Amino acid sequence: METLEEDLTCSVCYSLFSDPRVLPCSHTFCKTCLDNLLQVSNNYSIWRPLRLPLKCPNCRSMVELPPTGVEALPSNVSLRAIIEKYQSDNEPRPPSCQEHHRQPLNMYCIQDRQLICGLCLTVGQHQGHPIDDLQAAFTREKRTPSLLLAKLSESRWAQVCELGEQLEQEKARCEDLLRQDRHNVSQYFHSLEVVLAKKRRACLDALDKAAGEVCRAYDPLIHKVKELQEEQLDLVSFGSLVEEEESPLVFLEKVHLFRERVEEFTACPLPSVVNMSLTPRAADFLQQHWASVSIQGLEDAPVPKVCCCARCGSIGAAVEAETGGGEPDGQGQDQDQDQHSKLWAVPLLGLLLLGLLWANLDGRISLDFTWFPQLVHSLSGETMACLCGTAQALYATIGSHVEIWGSYLSAVGQKSIQHLALLLDSLTPT
């Protein structure tokens, strides 16, 4: 169809031919287009011949028209008929029903507000619905919009505006509340972050203090070992020089000096390896004391006091838990001395009671323990709490020492068995 439309288009006005006329050169143009071309040609002509000259827009050949002009040119009847047929085919056709083929939609269903055909009304989905002519329905409803606009009064508009203002105010109020809540949430969690950072710093400080104790324990020993290594290397170098000495007198003097230095070096005892234990371990302490800490009790959450002690030493390290915040040095020392005095007082009291109980069971001494409940009731709550805490610390200390001494005795036993095996091997005749 596009190619057909191009063939039916005038090359001058680029529209469908209107009253097409044929030039002597057989090209066809609209009558109006030819009149315009002839008018322009006559304006630029200086003479008026009997026949009017015209240049064809397609082939550029000069043709002569009769004196009557374009009106005398023959009309292209066949092309005119083709154009009229083409225009009639392209005219919009009345819509047809999609359910009933080739049935025109010539009725308006008032209930469903759509065009229907006769079969839709009689046997289709719109059977029994009220119908009307489309143009009549349009005329009848023409004044409906103005009637509906009349119902939108000024009072209704004022109510809608007032409602909009109230909604905006409520929205602003809710947004202000949310802004306050957001600020409170940020401030609350910031305070938690401050407390957690403080506790974290305290725990790391305790670990740093323990690291300092480890350095003070091992650095002198490492330094001593390095000095021994340097001394031995120096002695080896000096021995090599003594062997190369050729003078007998100097050789004997250097051998004497070398012997003294070697005897002094070998007589110097080697430092023993110190196996230190760190108590409490961070993972165990956090699992034991921090797993049940609530947010309200976060400020009072315990911070470990890490103690370093030699596993083979005679002095134990008690595990303490102190709350955050720090104390002055003098007050902390007084509390440590008071805690140590309580730590020793309770074992002595327990040992004394056990001795008296054993003597009573043996029949040597008859004791009356009626005073013991009175003594317990006379103790204050703070004293009882202190005794309970001291007992727990003593229990932890005893447990750690049992483990330390158990491992130590096990190591000593293994070394003794090894030495005994070596001694038996040496005594066994080969």
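Odds and ends about this structure:
- Among 163-170, 25-32, the order from most to least packed when residues are scored by Cβ within 10 Å on average: 25-32, 163-170
- Separation between Cα centres of region 54-70 and region 127-153, rounded to whole Å: 61 Å
- Calculated FRET efficiency for the pair Glu299/Leu178, C-beta based, R₀ 30 Å, to 0.05: 0.55
- A viscosity of 0.890 mPa s and a temperature of 25 °C, combined with the Kirkwood radius over Cα pairs in Stokes-Einstein, give a translational diffusion coefficient for region 82-162 of 152 µm²/s.
- Length added when fully stretched, Gln187-Glu141, from 0.36 nm per residue minus Cα-Cα: 10.1 nm
- Taking 31 Å as the limit for the C-alpha separation, the pairs Lys224/Lys415; Lys224/Lys254; Lys198/Lys226; Lys226/Lys415; Lys226/Lys254 exceed it in the case of Lys198/Lys226.
- Descending by average beta-carbon neighbour count within 10 Å, the peptides 201-207, 115-121 line up as 115-121, 201-207, the highest first.
- Ordering Gln180, Leu286, Ala267 by the projection of their Cα atoms onto the charge dipole of region 164-311, which places +1 on the Cβ of Lys and Arg and -1 on the Cβ of Asp and Glu, puts Gln180 at the extreme positive end.
- Rounded, prolate or oblate (a/c below 1.5 giving rounded, otherwise prolate when a/b exceeds b/c) for region 164-311 by Cα gyration tensor: prolate
- ³J(HN,Hα), Karplus 6.51/-1.76/1.60, whole Hz, each residue of region 130-139, x for Gly, Pro: x, 10, 7, 6, 4, 5, 5, 5, 5, 5
Bear in mind these aren't lab numbers, they're just calculated from the coordinates by the rules spelled out. Please read all numbers here as calculations on a predicted model, not as lab measurements. Every residue, glycine among them, receives a Cβ derived from its backbone with ideal geometry; neighbour counts consider all protein chains shown.
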